[in-house]
1. Here is a check on your reading of the model: is residue 51 modelled with pLDDT under 95, small (Gly, Ala, Ser) and assigned to a helix (DSSP H, G or I)?
2. Counting just the residues of the stretch 42-60 that are under 10 Å from the mean Cα position of the chain (by Cα) and of a type outside the set (A, V, I, L, M), which one comes out surrounded by the fewest Cβ atoms within 10 Å (Cβ to Cβ)?
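The values are calculated or read from the model by the stated rules, or taken from the named source; none is laboratory data. Keep in mind that this is a model prediction, so the values were computed, not measured. Every residue, glycine among them, receives a Cβ derived from its backbone with ideal geometry; neighbour counts consider all protein chains shown.
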Amino acid sequence: MKIQDTQAFQSMDAIQQRITLMAESRKKINDSVLLLKNVGLERWEKLNNLSVNRWKNIVKELAAV
């Protein structure tokens, strides 16, 4: 699944979508997905340092796949 396919991404406005698709943003999201898959949801929520709250929902959706 791609970032653009998540419901969280679809609910963002156009500017937020552009920011989310920037290379640095995609890297942070992908790194967070890997971390979530390795440590589990509860621990990830304590550890995560994503500055954009909507990204958290994207990460959760991508990790569930």
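1. Values: modelled with pLDDT under 95: yes; small (Gly, Ala, Ser): yes; assigned to a helix (DSSP H, G or I): no.
No: the conditions fail for residue 51.
2. Taking the stretch 42-60 as the starting set, the residues that turn out to be under 10 Å from the mean Cα position of the chain (by Cα) are 50, 52-60.
Then drop every residue that is not of a type outside the set (A, V, I, L, M), which leaves 53-57, 60.
Numbers: 53: 8, 54: 16, 55: 22, 56: 17, 57: 16, 60: 17.
Within the stretch 42-60, the match that is surrounded by the fewest Cβ atoms within 10 Å (Cβ to Cβ) is 53.
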